Structures are given as structure tokens and as C-alpha cells.
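I have placed the structure first, in the form of C-alpha cells, so that the comments after it can refer back to it.
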Amino acid sequence: MLGRAADNIFWMARYVERVENIVRLLRATALNALLTSSTDGADDDTVWARPLLLTGRMDDFLARYEQLTSGRVMAYMLLDRDNPASVKSVLANARESARATRHLLTNEIWECLNKTWLAIKDLHYVSLQRSTIDDQLDWLSERCFLFRGALFGSMRRDEGLQFANLGLYLERGDHTARFLASQPDRAAASDDPAVKVREYYEGTALLKALGSYRAYRETFSSNLDFTRIAELMILHATVPRSLRGAVDEIVVSLRALNPAADSLKAAYELQYRLQTIQIGHVRRVGLRAFLFDFSKELDDISAQIQRDFMMVQ
Amino acid sequence: MSQPAFFDEMHSGGGVRQAYDRYAAWLHSVPQEILQQRHDQANSLFRTVGITFNVYGEEGGVERLIPFDIVPRIISAEEWAVVEAGVIQRVDALNAFLNDVYNDQEILRAGLLPPELVLTNDAFRPEMLGMRVPRGVYAHIAGIDIVRVDAETFYVLEDNARTPSGVSYMLENRQAMMRLFPDLFGAYAVAPVSHYPEMLLDTLRSVAPRGIEDPTVVLLTPGQYNSAYFEHAFLAQEMGIELVEGQDMFVDDGDVFMRTTRGPKRVHVIYRRVDDEFIDPLTFRADSALGVPGLLAAYRMGRVTLCNAVGSGIADDKAIYAYMPELIRFYLGKEPILKNVPTYTLRKPDDLAYALDHLAELVVKEVHGSGGYGMLVGPAATKAEIATFRDKIIADPDGFIAQPTLALSTCPTFVDQGIAPRHVDLRPFVLSGQKTSVVPGGLTRVAMRKGSLVVNSSQGGGTKDTWVLEKPNARARR
């Protein structure tokens, strides 16, 4: 397979995963906003700032709009073509990557992406009203699931699929790490019932944003606890959106591509670390510092993949 | 001017022509709403599959659908036999001519062609002189544009020997028709066309450099913003070959390689959809990012085969066109099967004088133009347009040819007002490798505007599925 084609397939899958993450993020934000909204109906700035901060778009947003409102943030993050992190922009990138290699994709994959793109291309701001926005977000999530179904259900078990898998899990690992790192600092556990209730809802929103609420309930029989959430999302191999889950998949794909690749060695090291540490270690290093290092190592692996397989000098 | 009577593919000679009998009966019985429904279905089908072409210089929605018409153009087995023999003959002559002008130049020595017409032509590539290409084939893929004016007479309007496009529409149109009208395919024995990519791959493999048993074939595209990108991707997928861009390949010590995930891989045959000027910045345009530095040298050394050959454009030059009947007689010793449109070469003073006197009746084309750009259709032009064009001709008579306006046949077409006749042409695709062959069918292009004679997609033309009917009992024998 051409190195450029591999690169395009890698990015196609990576962009679709990014779309799904943005959609989850927006849904969690909307949920959070409901919990924290004041009675006068004003939007909570700190809640609506999250999607912008996490995608690094805050400065651009403020340069264009004076006020943070739920409607503006939704519109900006979903449909704004001038925002490179919007769902529409990222989907456009995914489709362009697919279009560049469509001869290597099955019709199911291409048509899934193309239909999604054609539908969002015609989507207008009107459809983002409160009453219909959930439907739009649900629909987008479903399209992402459909894409993965088409990918794993129709692609030949060959290089192309491995590069798609790499794109998907590098993006996922990166997103989970950055999302966890963006959480506000938590004070020590409190006995204040009001604080406990609030933390329950925040923890729920956090897990839902990472699509892992059920996973938590099934794994731990305890109450919601932020340390356990971190443990689940960092160390548990069975959780599809955990860092460990992502790295395991990266290792599998790299091993299938070339057992002697330098990128595989780096991935093995990262995997070994996640396999052998306990959550106490993460706490001692500091959650943010740990996650920052993790993101950095993922970036290095990604760059090494370029050198190993795409003949990038 | 009196309205010329046009030959209609479905109704002529006072009734429904035989090839259309069952179709006409069906069309007559089917309600307008059903046709509209099928028409809409076809559009959404093409949009989903992404069968689009990119329009140069248009902002915003750059990917556009070519209008697809749901009424097929039907050709009887007998008619096809003539067209098939005619285009094969034509392409054999084109290849013989190319092999000659780049080697022995007997045609020039025989005095049948003015040497300056060839040697000073922009499409002539002196870099190709003295090179022997595999099997002596230059135009491996050729599209011959044919129009019909009455029941018996087919004219070749244009030869396309560079990088003819449109074959993906021939294939996708058939797919769409089979999905939309399965019953009709039960009523008619339509010759299949879907094996074209298989034939194309065979052709490409058959011209690999000598001694290569299992050649690696690739398709070289200018990239996904090219107007025919869909077709490039489609053909690469159908043939199961890599779709490469210039940046994906490099030349090392005379061999051509592509950059793969497992390192460099040798390439033997390049089906290139990039024009001559852009394929090698070391030889042609230095600013081209679409080509591969050193490719021409590798080609000349016989390490790689380019399809079509560099310099094939000289054969489809509109100034050479006028001499095609002579070339067929000279190289093949046979009379041309298909007619040539009488052509006034405006570099000749007599022809120029005649053309300037009769601009309102003639079609005038730029010698190097294509895609329907820069042409004048006299009968359809305003006085002002004619006056402007006259000035252009006088400024550069060598740059133009003129032809009488042909009465292109019409075919019933589904338009806003219902079914109405629209002018059509036909482009069969001829493949030359070990032998010369053509799939039974081609691309029928249709001028969607009433009265228009310009069928090019860049000028609002649409396409139709082309049904070549099999000889009775052909099915049983297969």
C-alpha cells in the first residue's frame, strides 16, 4: 500500500473518532449545564467554556463573539466551517481523506461518510434549537458507530484496516487523556451532603462524556469517586475508551504491520507501564503531569509511525 | 434559415425504429410520475456514490453531478458492427501514424502531410523521436467521438488520443440503469460493458517493459481536485491497482519506484492521467508538482511504460484530423469505414476566405481546444458573437479549423417538459495492446438544452446509458 494512502486512511479514521468525541463532549456539556443552570436562565460560563478550552478554540471564539452562550458554543462547535475543530470541519477532513483513497475503501465505508457529510453540509443553525439538538447529536453519534461498523465489518483484514485502527485509537487515547486533564482540581472527599450530590452529578457527566458510565457501575460497586474514575479511564483494559484500552489496540495493529517497527517498541514500553502501575503511582506523580506525559508519548508514537510506514523522512 | 430535419434515434422513417420498439411501448405506457421518481432516484444514487466531476475555477460547490438521463440510447447489433469496425480501424491508423512520425516519418517523405503541420506542432514531442515503444502502441486508450446524421451515416467528429475520460460514466450509468429499470434488461439483450476495467488491465499489462512477467501497474492522477478524479479512483479500484500521485513515485538509477508502507516498490506500467507537460519537471514544465523528476528518461530507457505514450496528442490534433482518411489509406491500405467531417483548415487562404464568408453556417474550433471551450457554433451564435470570433480568427488563422454544422441525431430525453428530443453523440473507448478492441457501448453525451449541439459536460451536457443490442442468439451461445 502507498504510504500516502496509509496516511489518508489513518487520518480518515482519526477524524471520525474526533467527531464522535466532540459530539460526546457537547452532549456532556449540555447535561452539565442543566444541572448547574441558575433560575434566571443565564448560561453558566464555566460549563460552556469547557468545549472551547479543550479544543483550544477559546481565543478564536472570544475574538468573534463577545459572550459565551450555549447556542453560540453549539453552533460554533458543530457547524462553523471557520472553526477547524467543529464537527463540520472535521467531517469535511474525514471525507477528503476518504475521497483521496476511496479506491481502497469499501463502498459501505465511503457511502457512510459521504452521506453523513452531505447531510451535515445541508444542516442549518435552525436545527440546533433546544428541542432538536439532542436528535442531531444522537444522529451524529450513530453515524460514527455506523462508520466503525462499516470499517470493521467490510474492510479486508489487511494493512488498511490496521492504519485505520491506529488512527482511531491514537485519537481516542489522546482525547481521553486531554479530557481527564481538563478536569478541575478536586478537594479531598467531603462529607457535606450538598457537595456530595454535586460531585455525583459531575462524576456522572464526566463518565458519560467518556462513554463509560455503565463500565464504572459494572466495575466498581462503590459510590462515584474521582480517583476510581481516573483508575477506570487510565488503567482498565476492558474499557474501550481507557488509555490502556487504546494502547493495547495500538500495539495489536503495529504488531500486525511490522513486528520490528520502532513505533511498536515505543508502544510496548507505554503498554508495559500501564500494565504494571497502580493508581497510587498516578496520584503521586500528579494526575495532570501523568496525563501530560502520556499525551507526549502518544505524539511520539504517531510521529514514529509516519517514519516507519509512510516514508516520511 | 429553414429548420433542418434531424434524424431521431427512436422515431424516424415514420415510425418507431426497430431497436427501440419494446422500449417505446414501455415508455408510452409508463406514467410521468414514475419517470420523475426514477429520475430523482438516479440523482440521489449518483450523489451518494459520489460520481461527481470538479469544475475548474468555480468557488464553493465544486463537485457537481453530470446530469444523467434515464432514457437509454439504443444501438442495434448491425449498427454497432459498423461503428466497432470503424473505430478500431481509426485507432489502428492513429497508432501507425504515431509510430511513423516518431520514427521513420514515411508519411512526410511521401508528401501526404505538410511537414510543418507535424514538426512545428505543439503536440509533437521531439523527445520521443527514435524511441521504440512496446508493441508500437502509443494510444493505448482512445476515445473516438462519433455523431450520426441519418440512418446510415456516422461521422467521426474528433479523436481523443491523450487522456480521454468518461469511461467511468459508461460503467456507472449502466449500473444505475440496471438498478432503476431491471425489467427492461429482461426485455432486451443488452451487451454488457462491466468488463471494461478487466480489458484495460490486460491492455496495460500487455505493454509492460520487455522481460517483466508480472508487471506492477499504477494509475497516475493529478490528485483529488482534478475534474476526473472520481474516474481515476474508480478505475484504480476496479483494476485493483494503486492510485498514485507524482509525489508517491521517484526514479532511482533509471527505475521507477513508489513509496509504500513496506518501502520502495518498483513500477512497470503507468496509466497516466496527467498531461505530457506535467509528467516530468526535468523535461517539461519545471514548475509541475504533478509529475516525477526523471520519469521521461526512465521511459526512454524502456524501464517503465507510459500509457498513453508521450506525444500521442499529435494524432488527435484538429489540424491532423483533416488528413485522417488519407492516413487510413496510407497505413492500412483500406477505405475509411467512418466518415470524416469536411474540414476547412484556416491556415490555407482559400479555406479562410470561405470560412469568413460563411461563419453563420459553420462550426469553428480552436486547433488545440477541447471540452467545448473556445468554439463557435455559427447557427446558434448571435451576430455579436460571430463578429468577436471573426476578429479572433483573423488574428490567428492557424489556430482554427472550420466544419459545416452537422445535423446531429436526437434521442428522446427526459427533461422538465417531459420526453423531448435532444442532440447526442457517442464516445466508444478503444483499447490497444496485444490487439485492438472495444467494449460494446460507450458514453452517449446529450445536450440537455433544447436545440443545443454542444454535448460537453463542461458546457451543461448530460449523459445516457448506451445499449448495444446483442445479435439474436448471442446470449444462448455465451
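The values are calculated or read from the model by the stated rules, or taken from the named source; none is laboratory data. Just so you know, these numbers come straight off a predicted model, no measurement behind them. Every residue, glycine as well, gets a Cβ built from its backbone with ideal geometry; the counts of neighbours run over all protein chains shown. Accessible surface areas use protein heavy atoms only, side chains included; no ligands, DNA or RNA. Shrake-Rupley method; radii C 1.70, N 1.55, O 1.52, S 1.80 Å.
Below, the figures for the structure above:
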{"quantity": "Set of lysines near A:Lys196 by C-alpha distance (under 19 Å), chain-local residues within fewer than 8 positions excluded", "calculated": "A:Lys208"}
{"quantity": "Minimum 50 Å² accessible area buried by the other protein chains, segment B:213-230 residues, probe 1.4 Å, relative to alone", "calculated": "B:Gln224, B:Tyr229"}
{"quantity": "Cut-off of 10 Å, at most 11 other beta carbons, DSSP loop: longest stretch of chain B lacking such GluC sites (Glu not before Pro)", "calculated": "B:214-478"}
{"quantity": "Spatial separation of Cα centroids for segment A:63-125 and segment B:121-183, in angstrom", "calculated": "38 Å"}
{"quantity": "Members of segment A:1-22 that become less accessible by 40 Å² or more once partner protein chains are added (1.4 angstrom probe, chain alone as reference)", "calculated": "A:Met1, A:Leu2, A:Arg4"}
{"quantity": "Pairwise centroid distance, computed over Cα atoms, of segment B:406-423 with segment B:303-327, Å", "calculated": "33 Å"}
{"quantity": "Among beta bridges that DSSP assigns inside the protein assembly as shown, antiparallel share in %, nearest 5", "calculated": "75 percent"}
{"quantity": "The protein assembly as shown: calculated mean residue ellipticity at 222 nm from DSSP helix runs of at least 4, using -39500 (n - 2.57)", "calculated": "-15000 deg cm²/dmol"}
{"quantity": "Coil-residue trypsin sites (Lys or Arg not before Pro) of segment B:106-208, DSSP, other Cβ within 10 Å capped at 10", "calculated": "B:Arg132"}
{"quantity": "Amide H contacts under 5 Å for B:Leu220, placed H, 5+ residues apart", "calculated": "B:Val244, B:Tyr271, B:Arg272, B:Arg273"}
{"quantity": "Of A:Lys121/A:Lys265; B:Lys318/B:Lys471; B:Lys435/B:Lys471; A:Lys265/B:Lys265; A:Lys115/B:Lys435, those spanning more than 32 Å from alpha-carbon to alpha-carbon", "calculated": "A:Lys121/A:Lys265; B:Lys318/B:Lys471; A:Lys115/B:Lys435"}
{"quantity": "For B:Leu157, residues with placed amide H under 5 Å, excluding near neighbours", "calculated": "B:Asp145, B:Ile146, B:Val147"}
{"quantity": "Of B:Lys334/B:Lys464; B:Lys365/B:Lys464; B:Lys348/B:Lys450, those spanning more than 27 Å from alpha-carbon to alpha-carbon", "calculated": "B:Lys334/B:Lys464; B:Lys348/B:Lys450"}
{"quantity": "Heavy-atom accessible area per residue - segment B:116-183, 1.4 Å, Å²", "calculated": "37 Å²"}
{"quantity": "Tensor-based shape of chain B (alpha-carbon gyration tensor, a/c under 1.5 rounded, otherwise prolate or oblate)", "calculated": "oblate"}
{"quantity": "For the pair A and B, total buried accessible area rounded to nearest 100 Å², probe 1.4 Å", "calculated": "2400 Å²"}
{"quantity": "Projected label distance in nm at B:Glu385 and B:Asp416, using a 7 Å step from Cα toward the beta-carbon", "calculated": "1.9 nm"}
{"quantity": "Cβ-Cβ FRET estimate between B:Ala5 and A:Thr69, R0 fixed at 60 Å, reported to 0.05", "calculated": "0.30"}
{"quantity": "Loop sites in segment A:17-108: chymotrypsin sites (Phe, Trp or Tyr not before Pro), DSSP, at most 13 other Cβ within 10 Å", "calculated": "A:Tyr65"}
{"quantity": "Whole-Å distance, taken between Cα centres, linking segment B:229-290 and segment A:176-221", "calculated": "53 Å"}
{"quantity": "Mean separation of Cα contacts under 8 Å (6+ apart) over length of chain A, as relative contact order %", "calculated": "23 percent"}
{"quantity": "Lys, Arg +1 and Asp, Glu -1 on Cβ, resulting dipole of chain B about Cα centre, debye, nearest 20", "calculated": "940 debye"}
{"quantity": "Candidate residues A:Thr46, A:Thr132, B:Thr466: accessible-area rank, largest first, probe 1.4 Å", "calculated": "A:Thr46, A:Thr132, B:Thr466"}
{"quantity": "Aspartates and glutamates whose Cα lies under 16 Å from that of A:Lys296, excluding same-chain neighbours fewer than 8 positions away", "calculated": "A:Glu171, A:Asp174, A:Glu269"}
{"quantity": "Candidate aspartates and glutamates for bridging to B:Lys339, where Cα separation is under 14 Å - those fewer than 8 sequence places away on the same chain excluded", "calculated": "B:Glu84, B:Asp145, B:Asp150, B:Glu152, B:Glu158, B:Asp159, B:Glu326"}
{"quantity": "Protein-only accessible surface order, largest first, of A:Ile279, B:Ile212, B:Ile394 at 1.4 Å", "calculated": "B:Ile394, B:Ile212, A:Ile279"}
